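First the structure, in the form of structure tokens, and then the observations on it.
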2 protein chains.
Amino acid sequence: MTRLDSAIRRLTAQRDLLDWAVREISPAGLVLEIGLGNGRTYDHLRDRLPGREIYAFERAPAAHPDCYPPEGYLIVGDLFDTLPPFIARHSQGSAALIHIDIGTGDEDANLSLARRLSPLLESLLQPGGILLGDRAFDMPSCRDISAETKVPEGRYFVYRREA
Amino acid sequence: MTRLDSAIRRLTAQRDLLDWAVREISPAGLVLEIGLGNGRTYDHLRDRLPGREIYAFERAPAAHPDCYPPEGYLIVGDLFDTLPPFIARHSQGSAALIHIDIGTGDEDANLSLARRLSPLLESLLQPGGILLGDRAFDMPSCRDISAETKVPEGRYFVYRREA
């Protein structure tokens with residue numbers, strides 16, 4: 001498989017998974033895009049979930065100009081500075097869906113980041129809420145349901161918070 | 001269509017077109033990848049054309065480490081500095097396939113670049129040789145055969161040098 005094949009597979013898996021999650025989630029609850037990046041998946045989520053409140057978190061915004069959230073829905077800064085006040089404002093258990101794609105090339109840094117983020121993400125998820133992540137998170141109240149999706153193993157990690 | 005849909009379409013069209021070209025080109029002649037970028041299409045070409053001489057041109061190499069050409073096959077520098085001596089060394093009409101993807105966000109700069117590059121690219125193509133470009137080029141000895149490929153209009157420009 002070439003890198004071009006692999007990029008097509010990765011993006012297609014990402015789209016399939018987002019479309020699956022959109023069908024699965026509760027009609028009530030926030031949607032959080034953690035790591036806006038180029039804005040591609042944010043654009044997909046807002047298209048598939050019209051009228052839904054979608055917040056995007058990004059340390060250094062550099063998305064395509066068409067892919068910025070409306071005022072008040074882009075939260076800029078380090079996640080450990082921005083998530084705690086967000087949780088305080090919106091209360092725990094407010095998110096129906098969290099999509100998080102923030103990995104860098106540094107695997108050690110990624111592991112440490114995922115470990116520190118896990119309790120914050122877990123507290124945001126509502127019962128039945130779904131988290132799609134580009135890596136594993138440690139969230140005791142959630143079940144790893146990656147195998148229930150059809151995404152190739154190891155490309156995405158999918159969790160559902162128990163009721 | 002979301003930006004995620006659009007990215008999948010763009011990469012799929014790119015792969016379809018490279019695979020088409022690989023079937024079309026003469027078994028003899030150089031392959032030139034102009035603009036190495038992340039190395040994705042270079043990786044695809046070398047996989048589909050094992051044993052073939054493939055040269056990559058790049059001003060500022062920043063490809064994935066796995067996607068670099070072997071020694072002597074990466075030509076670093078501004079194209080207007082590197083192409084003329086390459087043509088002198090390999091003689092005119094030495095390329096069976098040129099894939100060129102060098103556009104930036106600046107449309108005026110892109111047009112000027114394409115106009116200045118056209119005679120250099122044209123002189124490199126062998127009779128029957130194919131050029132796949134991310135934009136239009138002005139090459140009087142070549143026929144625009146974009147419509148013969150199944151790539152959506154305007155995504156790629158395809159030329160074949162007349163015999």
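One table, with the values for the structure above:
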read-out: Residue A:23 being surrounded by fewer than 16 Cβ atoms within 10 Å (Cβ to Cβ), away from chain B (no Cβ under 14 Å) and farther than 30 Å from residue B:42 by Cβ; value: yes
read-out: Tally of residues being without any contact (Cβ under 8 Å) to a residue 24 or more places away in the chain and in contact with a Leu (Cβ under 9 Å, 6 or more places away or on another chain) across the stretch B:141-163; value: 2
read-out: All positions within the stretch B:121-163 that are under 18 Å from residue B:14 (Cβ atoms), among the small types (Gly, Ala, Ser) and outside any helix (DSSP H, G or I); value: B:133, B:136, B:154
read-out: Members of the stretch B:1-20 found to be without any contact (Cβ under 8 Å) to a residue 12 or more places away in the chain and either loosely packed, with under 15 Cβ neighbours inside 10 Å or at positive phi (or both), listed by number; value: B:1, B:6
read-out: Every residue from the stretch B:1-20 that is of a type in the set (Ser, Thr, Tyr) and more than 8 Å from chain A (Cβ to nearest Cβ); value: B:6
read-out: Residues of the stretch B:40-58 satisfying the condition of being within 12 Å of chain A (Cβ to nearest Cβ), in contact (Cβ under 8 Å) with a residue 12 or more places away in the chain and surrounded by fewer than 18 Cβ atoms within 10 Å (Cβ to Cβ); value: B:48
read-out: Conditions (1) surrounded by 14 or more Cβ atoms within 10 Å (Cβ to Cβ); (2) free of Cβ contacts under 8 Å to residues at least 12 places away in the same chain; (3) not polar (S, T, N, Q); number of the one not met by residue A:71; value: (1)
read-out: Criterion: hydroxyl-bearing (Ser, Thr, Tyr), modelled with pLDDT of 95 or more and under 16 Å from the mean Cα position of the chain (by Cα) - qualifying residue of B:41, B:2; value: B:41
read-out: Only one of B:75, B:34 that is among the hydrophobic types (A, V, I, L, M, F, W, C), under 20 Å from residue B:145 (Cβ atoms) and away from every other protein chain (no Cβ under 14 Å); value: B:34
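The values are calculated or read from the model by the stated rules, or taken from the named source; none is laboratory data. Note that the structure is predicted; figures quoted are calculated from it, not measured. Ideal geometry is used to build each Cβ from the backbone, glycine not excepted, and the neighbour counts take in all protein chains shown.
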